[in-house]
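Have a look at the structure below before the remarks.
The values are calculated or read from the model by the stated rules, or taken from the named source; none is laboratory data. Please read these numbers as outputs of a predicted model, since none were measured by experiment. Cβ atoms come from the backbone with ideal geometry, glycine included; neighbour counts cover every protein chain shown. Accessible surface is based on the protein model in full, side chains and every heavy atom, while ligands, DNA and RNA are left aside. Shrake-Rupley method; radii C 1.70, N 1.55, O 1.52, S 1.80 Å.
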Amino acid sequence: YPEEVYVHALLMVATALDKQFQRTVARVVAQHNASYGGGGTAAHSAAPIKAPARVMTKAKADYRYKSKPVSQHNADVTRCLVTAVTPTELLAVAAALSREFAGVVKVKNLFSATLPE
């Protein structure tokens, strides 16, 4: 199939699954907060499904040498943001999400320990 056909099929599946994915993440975050005696600080924010143009751009730029269809390597078409006040709590809620989904595909840590010189 042409790459564009695969991208649109991928996005149709993402659209079908997104509401349930977001509800599940919100439930796990709420359960985590309750397990802290109601004082947990974790928060969930839904993010929009990745736009078709962005999926194609990532495919052509980041995954061009990978197996075809290259759009299959987009791991975050359906996505969200989960935050917490402390690193310890964030690790705890991440572990709860990992248990719920039988693993985690991708984590983006914008607080890398490596600092530019």
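How tilted is helix 3-35 with respect to the longest principal axis of the chain? Cα atoms for both, answer in degrees (0 to 90, nearest 10). Here the helix axis deviates by roughly 0 degrees. Relative to the dominant Cα principal axis of the chain, helix 87-100 is inclined by about 60°. Note on the chain: GNM, Cα springs under 10 Å; of P48, P69, P87, the largest mean-square fluctuation is that of P87. Against the chain, whose longest principal axis comes from its Cα atoms, helix 52-62 is set at around 80 degrees. Taking every protein chain into account, the accessible area of the range 1-110 amounts to 65 square angstrom per residue (probe 1.4 Å). Here the Kirkwood formula puts the hydrodynamic radius of the chain at 16.0 Å, using every distinct Cα pair.
Where does the chain land at 222 nm, in deg cm²/dmol rounded to the nearest 500, when only DSSP H runs of n ≥ 4 count, each adding -39500 (n - 2.57), divided by all residues?
Details: 3 runs with 58 residues, N = 117.
Helix-only estimate at 222 nm: -17000 deg cm²/dmol.
Within a Cβ distance under 12 Å of P52, other residues only, what is the Lys/Arg minus Asp/Glu net charge? Its environment carries a net charge of +1.
Around A96, under 14 Å between beta carbons, what's the net of Lys plus Arg minus Asp minus Glu among the other residues? Residues near A96 contribute 0 overall.
Structure remark: mean-square fluctuation, Gaussian network model of the chain, C-alpha springs under 10 Å; the largest value among K19, K50, K106 belongs to K106.
Summing charges over all other residues whose Cβ lies under 10 Å from the Cβ of V70, with Lys and Arg as +1 and Asp and Glu as -1, gives +3. What's the center-to-center distance, using Cα atoms, between the range 76-100 and the range 8-65 in Å? When both Cα centres are located, 11 Å separates them.
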